[in-house]
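Remarks on the structure that follows.
The values are calculated or read from the model by the stated rules, or taken from the named source; none is laboratory data. It should be emphasised that the depicted structure is a prediction, and the values quoted were computed from it without experimental measurement. Heads up, the Cβs are rebuilt from the backbone with ideal geometry, glycines too, and the neighbour counts pull from every protein chain shown.
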Amino acid sequence: MRAKSTADSRSIADWPDLSFIHTDVHAHYLPGVDDGAKDLNTSILLISGLKQMGYEKFIVTPHIKKRSFPNEANDLKSRFSAWQAALQFHGLSVSTALAAEYYLDEHFLQLMENDDLLCFNSFSGRGQVLIEFSFHQPPDRVTEYIQLILDHAYIPVIAHPERYRYYHEQFHMYETFKTMGCLLQMNLNALTGYYGNEEKTIAMKLLQHGLIDYAGTDMHHIRHLEALKSLQQDPHLMKILQYYPFQNMYI
C-alpha cells in the first residue's frame, strides 16, 4: 500500500487561503429570492465557510430576470437589510453590500433607462453592473446593448464568461468585450472543473491572456462551497491565483 505523501496528509487548513481575493463580487446569499440560498441557515453556512477561507467582504448579487426571477430593487434592499440584521444577531460580523446579477434583455434596458440598477463601485467611481447572458445561445445585438450600457455611464461586468460555450470557439469575442470597456468576472469553481472540462480550459485561457478582472464564487449552495475548498488543495492553481492581478480588493 502506498504511503501517504506529505501533501496527502495535509488538511485543507494547511493550504494557502483565499484572503488575497478579499471580496466575493458575485454570489447568491440572500435567502429565498432566487435559486441561491434557500434559507437563512444555508446563507450563514456559506458565509461562514468563505470567511474561514479568508474572505472579508461579501457582495450579494441576486438574479434579476423578468421571466424567472422578477425581483425589484426596493424589495431586495428591504430583504438585504433584514438579512444583515439576522447575520449580526447570529454573531456573524462581516462586511456586506448589495448589487444584482442582471439578465441582458429588454427589461434590463428599461431598468437602466429608469436608473433603477443595483451596482457595485470601484475606485473609478463609475457604477459597475453585473450582467449575464443565456447559456444556450448568443445574445442578440450584444455589442449594441453593451454600448448602450457604456453610454449610460455604467461599466458592464460580464458574469462567468467561461460558461458561455458558444464563445469558446470565438475567443475574439472576449477580447472585443474588453476592448469596448467591459470587465470580465470568472467563477473560481470553473478552475476545479465543476462546470465541465471545456469551461475549465477556457477559464485558464482567459487568465493566461490577462482578460479576467474579477474572481467570484457565484455561490448558490453547499456543493459550490465544497467544490471551492478543493481548489485550495491544488498548489499549481493556487499559485496562479495568488499572482494574478484580480481587482476584487478595490471594491
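Quick check on this structure: which one of Glu169, Glu162, Glu175, Glu144 is acidic (Asp, Glu) and within 19 Å of the chain's Cα centre (by Cα)?
Being acidic (Asp, Glu) and within 19 Å of the chain's Cα centre (by Cα) holds for just one of Glu169, Glu162, Glu175, Glu144, which is Glu162.
Residues of segment 169-191 being part of a helix (DSSP H, G or I) and more than 17 Å from Leu228 (Cα to Cα), which ones?
Within segment 169-191, His172, Met173, Tyr174, Glu175, Thr176, Phe177, Lys178, Thr179, Met180 meet the criteria.
Hey, among Tyr194, Tyr166, which residue is in a helix (DSSP H, G or I), of a type outside the set (Gly, Ala, Ser) and modelled with pLDDT of 95 or more?
Tyr166
If I filter segment 181-227 down to residues being on the phi > 0 side of the Ramachandran plot and out of contact with any Leu (no Cβ under 7 Å at 6 or more places or on another chain), which single residue comes out as surrounded by the most Cβ atoms within 10 Å (Cβ to Cβ)?
Asp218
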